[in-house]
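Once you've had a glance at the structure underneath, I'll fire off some questions.
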Amino acid sequence: MTLKHHLHSLFTHALVQLQEQGVISKEIFQGDIQLERARDSRHGDFACNIAMLLAKTVGKRPRELAEQIINHIPAQNEWITKIEIAGPGFINLFLAPHAYFQVIDNILTDKENYGHSQMGAEKSVMVEFVSANPTGPLHVGHGRGAAYGDALANLLTVAGYRVHREYYVNDAGRQMDILATSVWLRYLELCGETITFPANGYQGDYIWDIAANLHREHAQALQHPVSEVFQNLPLDAPQGGDKEEYIDALIERCKHLLGEVAYRHVFHEGLGVILADIRRDLEQFGVVYDHWFSETSLTVPENFVQKSIKQLQAQGHLYEQEGALWFRSTTFGDEKDRVLVRENGQATYFASDIAYHLNKLERGFNLLINIWGADHHGYIPRVKAAIGALGADPNCLTVLLVQFATLYRGQERLQMSTRSGEFVTLRELREDVGRDAARFFYVQRKSEQHLNFDLELAKSQSLDNPVYYIQYAHARTSSVLRRLADSQWIWTHSAATLHRLETPQEQALIVSLSRYPEVIESAAVAYEPHQLTYYLRDVAQHFHTCYDVHKVLIEEDEALRNARLSLLVATQQVLRNGLTLIGVSAPEMM
RNA sequence: GCGCCCGUAGUUCAGCCCGGAUAGAACGUUGGCCUCCGGAGCCAAAGGUCACAGGUUCAAAUCCUGUCGGGCGCGCCA
């Protein structure tokens, strides 16, 4: 039980007693008690405002009620030295130093498990994140989703949830056809043909790489005369036509000329290369998935899309209009109804998405978390509507939005567009500023906050990035322990000598360490890994201050030396635990 | 036009969910600290109309309403 939980239970106990005595009615007090760390040490260690909240409805003055509450808190509590009423009616708790020393014991005992919580009660949660279309390399926008999603999944894991990480691979649909066609056209160029590349094709260099593979394996076998390829097509955008119509016609031509088998080969060449690249990229970023879920698998071999449509139909939520099949999502709070099957017989992306979410539900997750780019926010009501229509609770789905990161190089704002091929990839970012800095920087801001990422700043002025500050603290602890190993001394942890840690700097550091379990719970419940980054900075700062003032490896006082070493090892453990959660390394040396 | 997000120190951001005591931090600026375990560090100072206007409250950066400013979304696209 954490320090805070313990204190919390004392208040609950006191208030329940007051209820039994009829001082407070059951309606007024439902059991929520806010217990907060006091910001000012003159206010003690923890402060509670419950008396002020209840005073009016109880019909007493806040300070009077506070008095009664205090009287029901066990007097000889081993951890509390003083309870006082302050200001308008705060109840301030002052803790004994050994209440905190207990924390050091806990950390040294629990090690990498310190701070873990049972909050999640083994509930299973799926976190689906990144899920970028496999039409090109991940860019810096995806990086933020990756860093945030992975840190969140880690947080939920240590908060007691069973977490499943999943990447939804959009390997069906028109974008993939555009990719295949783009690859084939580049292949034709490698065969020596001269063509005009479509405005709406994928223009990145990686398309050339895939085409080169194709050319290496098949030489001219997939070649067709350019005259046939471009015969009788509508005008492309630069010629005054519609780029969408043009690319669709080109896709059809491509399928027709290559035939089913050869087209699928080109298609899978592109998909395979890009997906493997994305997977490798994420692994190198420290993000590993439990499952890569293929959109195609929703239709082959079993057609989940048809199944979910039938299920909706059976419930009477579908209707036909103008040749299309519609889902009456307005019944479930959406602002307009949505098409599931188009006039041309093709299912929409939304139909696949319904099937995917039905599939998720059938796999038995208690909680579904989707991490999406903020530009998809308008999509949330219809997915929730679908879940409701399928008979499940829409609240089992939580969609967390991540704002795009805007990259700057100094004053220059970098444009990102997959189509134009001028984006900055996640890989480039990693190679530029390093994995640790990138992951920390991404997760440092609240996810719905716009992120301005200045590459020059992150690189040239590394002081601006607190990740170094925290890692340096960890490296320093390691350095001291290396020194210890070289000495004739041996560290023995003894609870008895911890009371020697009595200076303000040491006390402040211990208090900071004691907050870790609270931060884990708070960050997990709010889905806010950024809380952890602020916390880790706080720990590092208290450590640096302590380190500057008090030497650890002192010769003359063995008991004090051991006590300080215990504190140092505990600090190292907390820093390492926290950094691990956000995917940042805890280096022994820098 | 409708919907969602954002507006806090020169800059980048916490704090807002769940109202509470003197609104915090980093960078930058200014001034100090290296016979000592790693100075990638420490100590200190200056810097605020919490976008604006109302409202609720004993108490508002926080809750409600409106206004202004910035971003995004409103397809038989994905």
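Within the group A:Ile80, A:Ile91, which residue is closer than 29 Å to A:Ala496 by Cα, β-branched (Val, Ile, Thr) and under 40 Å from the mean Cα position of the chain (by Cα)?
Working: A:Ile91 fails: closer than 29 Å to A:Ala496 by Cα.
Checking each option against the conditions leaves just A:Ile80.
Residue-by-condition table, conditions (1) without any contact (Cβ under 8 Å) to a residue 24 or more places away in the chain; (2) within 17 Å of A:Ile210 (Cβ to Cβ); (3) charged (D, E, K, R):
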residue: A:Pro134; (1), (2), (3): no, yes, no
residue: A:Leu138; (1), (2), (3): no, yes, no
residue: A:Gly141; (1), (2), (3): no, no, no
residue: A:Arg144; (1), (2), (3): no, no, yes
residue: A:Ala147; (1), (2), (3): no, no, no
residue: A:Ala151; (1), (2), (3): no, no, no
residue: A:Arg165; (1), (2), (3): no, no, yes
residue: A:Asp171; (1), (2), (3): no, yes, yes
residue: A:Thr181; (1), (2), (3): no, yes, no
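Right, something else. Out of everything in the range A:374-412 that is in a strand (DSSP E or B) and at pLDDT 90 or above, what residue ends up being nearest to A:Val140 (Cα to Cα)?
Step one: of the range A:374-412, the residues in a strand (DSSP E or B) are A:397-402, A:405-409, A:412.
Remaining after also requiring at pLDDT 90 or above: A:397-402.
Numbers: A:Leu397: 26, A:Thr398: 24, A:Val399: 20, A:Leu400: 18, A:Leu401: 16, A:Val402: 12 Å.
Checking each candidate, the answer is A:Val402.
Taking the stated definitions as given, is A:Val266 surrounded by 17 or more Cβ atoms within 10 Å (Cβ to Cβ) and within 12 Å of RNA strand B (Cβ to nearest atom)?
Working: surrounded by 17 or more Cβ atoms within 10 Å (Cβ to Cβ): yes; within 12 Å of RNA strand B (Cβ to nearest atom): no.
For A:Val266, the condition - surrounded by 17 or more Cβ atoms within 10 Å (Cβ to Cβ) and within 12 Å of RNA strand B (Cβ to nearest atom) - is not met.
What residue, among those in the range A:328-347 that are charged (D, E, K, R), surrounded by 13 or more Cβ atoms within 10 Å (Cβ to Cβ) and within 7 Å of RNA strand B (Cβ to nearest atom), is farthest from A:Leu390 (Cα to Cα)?
The first filter runs over the range A:328-347 and keeps only residues charged (D, E, K, R), leaving A:328, A:334-338, A:342-343.
From what's left, surrounded by 13 or more Cβ atoms within 10 Å (Cβ to Cβ): A:328, A:334, A:337-338, A:342.
Now restrict to residues that are within 7 Å of RNA strand B (Cβ to nearest atom): A:338, A:342.
Values: A:Arg338: 15, A:Arg342: 21 Å.
Per the stated criteria, the residue is A:Arg342.
So, one more: From the list A:Glu245, A:Glu193, exactly one residue is over 30 Å from A:Phe129 (Cβ atoms) and more than 16 Å from RNA strand B (Cβ to nearest atom). Which is it?
On the way: A:Glu245 fails: more than 16 Å from RNA strand B (Cβ to nearest atom).
That would be A:Glu193, the only listed residue that is over 30 Å from A:Phe129 (Cβ atoms) and more than 16 Å from RNA strand B (Cβ to nearest atom).
If you don't mind, there's one more thing I want to ask. Let me confirm something: among A:Gly364, A:Gly323, which residue is within 14 Å of RNA strand B (Cβ to nearest atom) and among the small types (Gly, Ala, Ser)? Lay out the reasoning, then the answer.
On the way: A:Gly364 fails: within 14 Å of RNA strand B (Cβ to nearest atom).
Sole residue among the options that is within 14 Å of RNA strand B (Cβ to nearest atom) and among the small types (Gly, Ala, Ser): A:Gly323.
Let me ask something else. Select, from A:Arg561, A:Arg576, the only residue that is in a helix (DSSP H, G or I) and either within 12 Å of RNA strand B (Cβ to nearest atom) or free of Cβ contacts under 8 Å to residues at least 12 places away in the same chain (or both). Give the derivation first.
Details: A:Arg576 fails: either within 12 Å of RNA strand B (Cβ to nearest atom) or free of Cβ contacts under 8 Å to residues at least 12 places away in the same chain (or both).
Answer to the check: A:Arg561.
Looking only at the range A:538-558, filter to residues that are near RNA strand B (Cβ under 8 Å from one of its atoms) and of a type in the set (A, V, I, L, M, F, W, C); which one of those is farthest from A:Tyr442 (Cα to Cα)?
A:Ile554
I'm checking my understanding of the structure. Among residues of the range A:528-537 that are in a helix (DSSP H, G or I) and near RNA strand B (Cβ under 8 Å from one of its atoms), which one is surrounded by the most Cβ atoms within 10 Å (Cβ to Cβ)?
Here is the first cut: in the range A:528-537, the residues in a helix (DSSP H, G or I) are A:530-537.
Of the ones still in play, those that are also near RNA strand B (Cβ under 8 Å from one of its atoms) are A:530-531, A:534, A:537.
On the way: A:His530: 19, A:Gln531: 17, A:Tyr534: 13, A:Arg537: 16.
Ranking the candidates gives A:His530 first.
Right, next: For the structure I just gave you, tell me whether A:Ala151 is hydrophobic (A, V, I, L, M, F, W, C), in contact with a Ser or Thr (Cβ under 6 Å, 6 or more places away or on another chain) and away from RNA strand B (no atom under 14 Å from the Cβ).
Details: hydrophobic (A, V, I, L, M, F, W, C): yes; in contact with a Ser or Thr (Cβ under 6 Å, 6 or more places away or on another chain): no; away from RNA strand B (no atom under 14 Å from the Cβ): yes.
So A:Ala151 does not fit the description; no.
So, one more: Report the residue count in the range A:185-207 for those that are outside any loop (DSSP other than H, G, I, E, B) and surrounded by 15 or more Cβ atoms within 10 Å (Cβ to Cβ).
Applying the first criterion (outside any loop (DSSP other than H, G, I, E, B)) to the range A:185-207 yields A:185-190, A:205-207.
Subsequent filtering for residues that are surrounded by 15 or more Cβ atoms within 10 Å (Cβ to Cβ) retains A:185-190, A:206-207.
The qualifying residues number 8.
I need a count of the residues in the range A:43-80 that are more than 10 Å from RNA strand B (Cβ to nearest atom), assigned to a helix (DSSP H, G or I) and either under 12 Å from A:Ala14 (Cα atoms) or among the basic types (Lys, Arg) (or both).
Selection size over the range A:43-80: 8.
The values are calculated or read from the model by the stated rules, or taken from the named source; none is laboratory data. Quick caveat: nothing in here was measured; it's all calculated off a predicted structure. Reconstructed Cβ throughout: ideal geometry from the backbone, glycine too, with neighbour counts over all protein chains shown.
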